[in-house]
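Heads up: the structure comes next, in structure tokens.
The values are calculated or read from the model by the stated rules, or taken from the named source; none is laboratory data. Just so you know, these numbers come straight off a predicted model, no measurement behind them. Here the Cβ positions follow ideal geometry from the backbone for every residue, glycine too, while neighbour counts run over all protein chains shown. Accessible surface is based on the protein model in full, side chains and every heavy atom, while ligands, DNA and RNA are left aside. Shrake-Rupley method; radii C 1.70, N 1.55, O 1.52, S 1.80 Å.
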Amino acid sequence: MLVTLLTDFGDFYPGVMKGVILSLVPDAKIVDITHSIEPQNVFQGAFLLYHSYKFFGSAIHVAVVDPGVGGKRRAIVVETKHNYFVAPDNGLVYPSAKEDGIVRIFEIDSKISEIVGELSTTFHGRDIFAPATALLLKKDFRYFREIDEIKTLDIFEHSVAGNRVCGKVAFVDRFGNVVTNIPASAVMGAKGFILRGVEFPMVKCYEDVDIGKPLALIGSFGTLELSLREGNASEFLKIRKGEIELEVLR
Amino acid sequence: MLVTLLTDFGDFYPGVMKGVILSLVPDAKIVDITHSIEPQNVFQGAFLLYHSYKFFGSAIHVAVVDPGVGGKRRAIVVETKHNYFVAPDNGLVYPSAKEDGIVRIFEIDSKISEIVGELSTTFHGRDIFAPATALLLKKDFRYFREIDEIKTLDIFEHSVAGNRVCGKVAFVDRFGNVVTNIPASAVMGAKGFILRGVEFPMVKCYEDVDIGKPLALIGSFGTLELSLREGNASEFLKIRKGEIELEVLR
Amino acid sequence: MLVTLLTDFGDFYPGVMKGVILSLVPDAKIVDITHSIEPQNVFQGAFLLYHSYKFFGSAIHVAVVDPGVGGKRRAIVVETKHNYFVAPDNGLVYPSAKEDGIVRIFEIDSKISEIVGELSTTFHGRDIFAPATALLLKKDFRYFREIDEIKTLDIFEHSVAGNRVCGKVAFVDRFGNVVTNIPASAVMGAKGFILRGVEFPMVKCYEDVDIGKPLALIGSFGTLELSLREGNASEFLKIRKGEIELEVLR
């Protein structure tokens with residue numbers, strides 16, 4: 001079974017996790033989804049996992065965005081209809097697991113760190129989640145104890161009132177596209193949006209406006225995105241995260 | 001057959017492409033060349049693909065630098081003597097394909113997106129190029145229609161006139177080396193170069209000058225590079241792309 | 001045998017190295033540890049290799065942080081009890097190799113570049129270390145000549161005097177944690193540290209202080225780290241590398 005990794009670790013730490021997994025299961029196949037989740041941004045991690053896990057068919061998705069590492073939050077494995085999710089219990093994998101259909105939930109005993117021989121308070125990716133992944137690959141549930149509940153998280157929360165629509169910035173990609181969590185259905189029929197006095201006409205694709213001009217479209221997440229054609233909307237708007245409120249032009 | 005990826009996608013999106021490919025061909029082997037092409041810089045993508053594809057022997061090279069995504073540009077597969085190239089038809093793979101020897105050219109029918117079940121106007125890496133790659137691995141040409149021509153691109157364009165040599169900045173690497181597209185043959189016998197009043201003596205290797213000092217050499221691309229030894233020439237010169245004109249010292 | 005890569009190459013160049021290795025050994029399995037070593041920082045490379053190689057069990061570790069590339073430094077292969085290390089002879093792999101137990105040391109003949117057909121003065125990752133790795137995988141020692149010695153490097157150097165402890169910043173991770181090379185044993189019983197007038201209380205885990213507050217702990221490297229909870233200590237302290245001297249509170 002394929003293993004995917006999604007973390008806010010940046011560089012180096014994911015390599016160590018791969019070392020732990022591969023030393024235990026040499027033929028494991030591991031794919032990076034991203035290691036650039038904004039540090040500690042569980043919402044962003046959950047949003048990007050939700051919009052990627054489904055393209056893998058079936059896999060063990062290891063997701064670590066973990067501001068509570070070393071504290072009291074639990075480490076969990078969630079078995080769903082087609083996948084496993086390995087993560088801290090902070091809502092990170094909830095939207096994905098719920099969509100796929102939760103079958104069983106397990107708490108990972110922190111004693112699993114005896115496999116690696118270390119239990120730091122800062123890097124459970126190495127000490128807990130990586131060995132848990134290796135054991136899942138071996139179908140060894142020795143350190144897993146079935147539990148009833150996991151923390152929930154709503155990544156779809158948004159509101160529409162009059163000519164205002166409110167949501168969250170979910171992701172700023174490398175092009176500076178400001179990806180929101182506002183679904184297409186919430187802005188049906190909109191002709192455009194105004195944010196900070198700038199008009200973003202609703203279009204189908206980038207080429208519908210001149211180079212450098214603002215635009216809005218429903219992007220590959222199925223949600224509203226604000227862009228500058230061949231420019232960087234995030235830098236232009238000085239927006240990287242948080243709530244976003246737009247005036248809707250109809 | 002090995003699959004390589006070269007894009008300007010940065011993080012996350014390449015992971016989704018891998019998901020699509022691996023869900024269709026679980027034993028596919030995928031290697032990243034780079035996902036840090038400067039956004040929309042087709043020239044840079046073509047230059048770096050040209051200088052990397054040949055080291056893989058034989059592979060399916062998936063290259064996506066795609067300012068025209070969602071518009072009218074075609075999606076293509078180019079079969080060459082030893083490789084396949086999957087890309088938007090904007091010149092990106094032309095220099096590589098031409099060097100390797102073009103055998104057949106195919107247009108990819110956008111209906112191929114029915115495999116993934118989505119056709120966004122912004123992420124054809126996921127909706128078109130990834131499933132096309134999977135089908136190539138399966139030797140399934142159902143969505144490919146042979147065509148006669150692809151867009152060309154000249155990544156070697158440069159000029160020499162008197163004591164001036166003109167070319168383009170092709171790449172600034174992590175060390176700040178300014179890699180040009182000016183071939184060694186155009187600067188044979190040069191003793192050095194002057195740019196913005198700074199002299200870059202022509203040397204064989206970094207250790208030929210003191211730490212921090214400017215130098216020019218023929219680098220691993222076989223082209224002229226400007227560097228500071230253990231420094232960052234790009235930041236020093238405030239150059240990242242575009243035309244470059246040098247005075248040649250003989 | 002698994003191959004790992006650790007370099008200061010950033011993007012693109014590692015992809016080319018993989019091309020060379022895979023064209024010679026198509027079923028090679030290659031894992032990135034990191035390509036973000038600070039340019040030319042051999043100490044940092046050695047520190048991070050030391051703290052990662054051991055989690056892979058057994059592998060060929062290819063490490064290239066190589067300020068002397070193209071000059072007189074040797075290229076080496078070190079055979080240890082459980083691993084091989086392929087690197088420039090500048091101390092980079094010494095701490096790891098010594099810990100694992102050095103069995104034999106080889107110099108790589110630069111003629112090995114005839115396999116790739118190129119010998120640049122700037123990219124021995126491609127021209128020398130990648131083909132050497134491929135030959136190791138094939139157990140072909142044709143270009144390797146046994147030698148007696150390699151350059152040493154001390155990554156553990158630190159000092160304690162009165163209420164001062166001195167060491168080095170080894171790594172600043174993506175969270176801005178300032179990872180030092182000062183071992184836990186050197187700061188046993190410390191209640192905290194003062195640096196530039198800021199007090200960093202010694203704690204067990206991040207949650208022991210309020211969000212945004214400074215803290216010190218023994219991190220996943222087994223060494224002293226300075227952090228801000230959910231903040232960036234490196235930016236706060238404007239420290240990224242070099243010596244560090246702390247006042248110890250007892």
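For A:Lys72 and A:Phe156, the FRET efficiency from 1/(1 + (r/R0)^6), where r spans their Cβ atoms and R0 equals 30 Å, is about 0.60. Ignoring any ligand, DNA or RNA, what whole percent of the accessible area of segment C:2-147 comes from carbon and sulfur when the probe is 1.4 angstrom? Of all accessible area on segment C:2-147, carbon and sulfur atoms account for 47 percent. Across B:Leu195, B:Leu137, B:Leu153, mean-square fluctuation computed from a Gaussian network of chain B (C-alpha pairs under 10 Å connected) peaks at B:Leu195.
In the protein assembly as shown, taking the dipole from charged Cβ atoms about the Cα centre, the farthest positive-side position among C:Leu249, B:Leu2, A:Cys205 is held by B:Leu2.
Listed by chain and number, the aspartates and glutamates placed with their C-alpha closer than 16 angstrom to that of A:Lys98 are A:Glu79, A:Asp89, A:Asp148, A:Glu149, A:Asp154, A:Glu157; residues fewer than eight positions away on the same chain are left out. For the chain pair B and A, the buried solvent-accessible surface (1.4 Å probe, both sides summed) amounts to about 2400 Å². For the peptide A:167-177, the mean number of other protein chain Cβ atoms found within 10 angstrom of a residue's Cβ is 3.
Between 0 and 90 degrees, the angle of helix C:13-24 with respect to the longest Cα principal axis of chain C falls at about 40 degrees. Here the contact order of chain B, divided by its residue count and restricted to Cα pairs under 8 Å and six or more residues apart, works out to 15 percent.
Checked against a 28 Å cut-off, the cross-linked pairs B:Lys168/C:Lys72; B:Lys54/B:Lys213; A:Lys238/C:Lys238; B:Lys111/B:Lys241; A:Lys29/C:Lys238; A:Lys29/B:Lys241 give Cα-Cα distances beyond that limit for B:Lys168/C:Lys72; B:Lys54/B:Lys213; B:Lys111/B:Lys241; A:Lys29/C:Lys238; A:Lys29/B:Lys241. Given the C-alpha centroids of segment B:142-206 and segment A:68-145, what is the distance between them in whole angstrom? Computed from Cα coordinates, the inter-centre distance equals 50 Å. Among the residues of A:99-105, the average count of other protein chain beta-carbon atoms within 10 Å of the residue beta-carbon is 0. Dividing the mean sequence gap of close Cα pairs (under 8 Å, 6+ apart) by how many residues segment A:2-147 holds gives a relative contact order of 25 percent. Shielding value for A:31-41 is 5, the average number of Cβ atoms from other chains within 10 Å of each residue's Cβ. Based on DSSP H segments of at least four residues, each scored -39500 (n - 2.57), chain A has a per-residue ellipticity at 222 nm of -4500 deg cm²/dmol.
Probing with 1.4 Å while keeping every protein chain in the model, the per residue accessible area of segment B:97-213 equals 50 Å².
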